[in-house]
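The values are calculated or read from the model by the stated rules, or taken from the named source; none is laboratory data. If you're wondering where the values come from, they're calculated on a predicted model, not measured in any experiment. Heads up, the Cβs are rebuilt from the backbone with ideal geometry, glycines too, and the neighbour counts pull from every protein chain shown.
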Amino acid sequence: MTEHLPILLIVLPLVAAPLCMILHQRTAAYTLALVVSWITFAISIALVAQVSESGVIRYNLGGWAPPYGIEYVVDSLSSFVMMFVSGIGAIVLVYAPKSVDDEIARSKHYLFYATYLLCLTGLLGMCVTGDLFNVFVFLEISSLSSYALISLGQTRRAPLAAFQYLIIGSIGATFILIGIGLLYQMTGTLNMADIAARVPHENGPRTVLVAFGFLVIGLCVKMAVFPLHTWLPNAYTYAPSVVTCFIAATATKVSVYAFIRVIFGIITPSFAFDYLPLDTELTILALIGIFVASTAAIYQANVKRLLAYSSVAQIGYMILGISMATPGGLTAGIVHMFNHALIKGGLFMIVGCFALRLGSVKLDDWKGAGKTMPWTSLGWAIGGLALIGVPVTAGFISKWLLLTAAMEKGMWPVAVLMLFSSLLAVVYVWRVVETLYFSEPTAKVLKAKEAPLGMLIPTYIVLAGTFLFGVWTTYSADMAAAAAAGLLGATP
């Protein structure tokens, strides 16, 4: 039975999604989605344990060996990513009922849970597949599900935000598909390991360069790398709070994972960073994105939009680590994927708590809420400290690793700019803290009740993780280091 865990990870949520539609009843659909998501998380933990004990797991669908059949590959990196994606997916569903009741029309609840499971299927599928076209298929399953989830928001701008994401996301998907098609034309295979072995690199035809260009640009759109991030602020702002919690913590992270796979598994670092100046270009875009997005976050009146721009900046940190192409830099980038999933997931859950009780995500409507919603306000302060990168938080660990990697590579200007960029995070986090604790509460805030325990408990579990992995760094840092070593060691 255990040998079939990689396929069960995908099949369970994929089958449960249409079952939610058939049940057509919100309580039954929620119960099914909750149970399946936690089973999926348990499978992910089991796969992590197997990889730690036995090494890479390979699963051939239908018994067909690659490159003729589709291969699922679970290694240190994929098991690490699938574990935190499934974990976030499971705990967000514990948090979801009150928020879903408040922000999504009752008649659409079963649609929400079905689409949520489809999105989870796509994200996990991208983690395990070793087939490049399968990556595209799962990417589009998760993307199309995300468009639908965002459109469920009750504000009039939600469908527009979903449509904008659809248009820009489809352009990115088209670029990825063209790149895959060109590589298939060159190699006659879609298995990623086989493509890497067959594709000519330094002395190859121009078609290879064009294919790599399409893949990189398409994935940068999906990752929301500056300046291809324009879909993200509206998508995060106008989606239902529970949807924003989920996609902010997972969707862009899995796209970063796919980017790492393409760069280090197919293009190879020697070609991408020595033959091509991709490292320089990515570093410049990452730094500009960090400063522009962080500055934009400072001036936002909508807290969800503030966190959305913050996410663009944090993606810049991940890209910065990847572009170094060193064990330390790559480890830092992977650790920051994990840490940011916890931090931003927790912060958006806090925003959802405020939205439930205050009916608004505008900063001016939160004045003095620290007096009437002390636990929710404390949650913002905790998540904010982690986002800034204060010692003993997870955010500090990944930024410290990134800073160390930059100095080891002699990138002192980058290290200085990183330190300065953290000050911008202090400014936009403090704006919210000041509003919560040092402003006179409005009449509506004075009448507000603390968020329900059903939302606070899962939120604090996620926020506790930002301290747990800030003190106990062995797990996240060691898994990321093993993944980085595998990626760099496996490349020619």
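Structure data summary
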| quantity | calculated |
| --- | --- |
| Subset tally (residues that are free of Cβ contacts under 8 Å to residues at least 24 places away in the same chain and either touching a Cys at 6+ places or on another chain (Cβ under 9 Å) or farther than 17 Å from Ala297 by Cα (or both)) for segment 432-446 | 2 |
| Lone qualifier among Val73, Val81 - being outside any helix (DSSP H, G or I) and aliphatic (A, V, I, L, M) | Val73 |
| Tally of residues being under 12 Å from Thr372 (Cβ atoms) and either surrounded by 15 or more Cβ atoms within 10 Å (Cβ to Cβ) or of a type in the set (A, V, I, L, M, F, W, C) (or both) across segment 438-448 | 7 |
| Complete set of residues in segment 469-492 that are touching a residue at least 40 places away in the same chain (Cβ under 8 Å) and farther than 29 Å from Val262 by Cα | Gly470, Val471 |
| Residue satisfying all of: in segment 110-133; in a helix (DSSP H, G or I) and over 18 Å from Thr40 (Cβ atoms); farthest from the chain's Cα centre (by Cα) among these | Tyr110 |
| Failed criterion for Ile217 (all others in (1) touching a residue at least 60 places away in the same chain (Cβ under 8 Å); (2) surrounded by fewer than 24 Cβ atoms within 10 Å (Cβ to Cβ); (3) among the β-branched types (Val, Ile, Thr) hold) | (1) |
| Neighbours by Cβ (under 8 Å, 6+ apart or cross-chain): first from segment 402-431, surrounded by 14 or more Cβ atoms within 10 Å (Cβ to Cβ); second part of a helix (DSSP H, G or I) and of a type in the set (D, E, K, R) | Met418/Lys399; Ser422/Lys399 |
| Tally, over segment 172-192, of residues that are closer than 16 Å to Gly130 by Cβ and buried (at least 19 other Cβ atoms within 10 Å of the Cβ) | 7 |
| Selected residue [more than 25 Å from the chain's Cα centre (by Cα) and hydrophobic (A, V, I, L, M, F, W, C)] from Ile57, Ile22 | Ile22 |
| Residues of segment 430-474 classified as of a type in the set (Phe, Trp, Tyr), modelled with pLDDT of 85 or more and assigned to a loop (DSSP other than H, G, I, E, B), total | 1 |
| In segment 34-59, the residues that are surrounded by fewer than 16 Cβ atoms within 10 Å (Cβ to Cβ) and closer than 23 Å to Ala196 by Cβ | Gly55, Val56, Arg58 |
| Among the candidates Ser294, Ser311, residue that is touching a Lys or Arg at 6+ places or on another chain (Cβ under 9 Å), more than 18 Å from Lys409 (Cβ to Cβ) and among the hydroxyl-bearing types (Ser, Thr, Tyr) | Ser311 |
| Selection status of Ala65, more than 24 Å from Ala248 (Cα to Cα) and among the small types (Gly, Ala, Ser) | yes |
| Test set (1) at pLDDT 90 or above; (2) buried (at least 22 other Cβ atoms within 10 Å of the Cβ) - Val100 fails condition number | (1) |
| Filter result for the condition that a residue is surrounded by fewer than 18 Cβ atoms within 10 Å (Cβ to Cβ), in contact (Cβ under 8 Å) with a residue 12 or more places away in the chain, touching a strand residue (DSSP E or B) at 6+ places or on another chain (Cβ under 8 Å) and within 21 Å of Asn302 (Cα to Cα), over Lys371, Lys362 | Lys362 |
| Complete set of residues in segment 323-353 that are surrounded by fewer than 24 Cβ atoms within 10 Å (Cβ to Cβ) and of a type in the set (Val, Ile, Thr) | Thr326 |
| Lone unmet requirement of (1) more than 20 Å from Ser145 (Cα to Cα); (2) at pLDDT below 85 for Ser78 | (2) |
| Evaluation of Val94 against (1) part of a helix (DSSP H, G or I); (2) in contact with a Pro (Cβ under 9 Å, 6 or more places away or on another chain); (3) under 30 Å from Thr187 (Cβ atoms) (one fails), failing number | (3) |
| Selection within segment 452-478 - within 19 Å of Gly359 (Cα to Cα) and in contact with a Phe, Trp or Tyr (Cβ under 7 Å, 6 or more places away or on another chain) | Met455, Leu456, Thr459 |
| Those residues of segment 229-284 which are outside any helix (DSSP H, G or I) and hydroxyl-bearing (Ser, Thr, Tyr), in sequence order | Thr230, Thr268 |
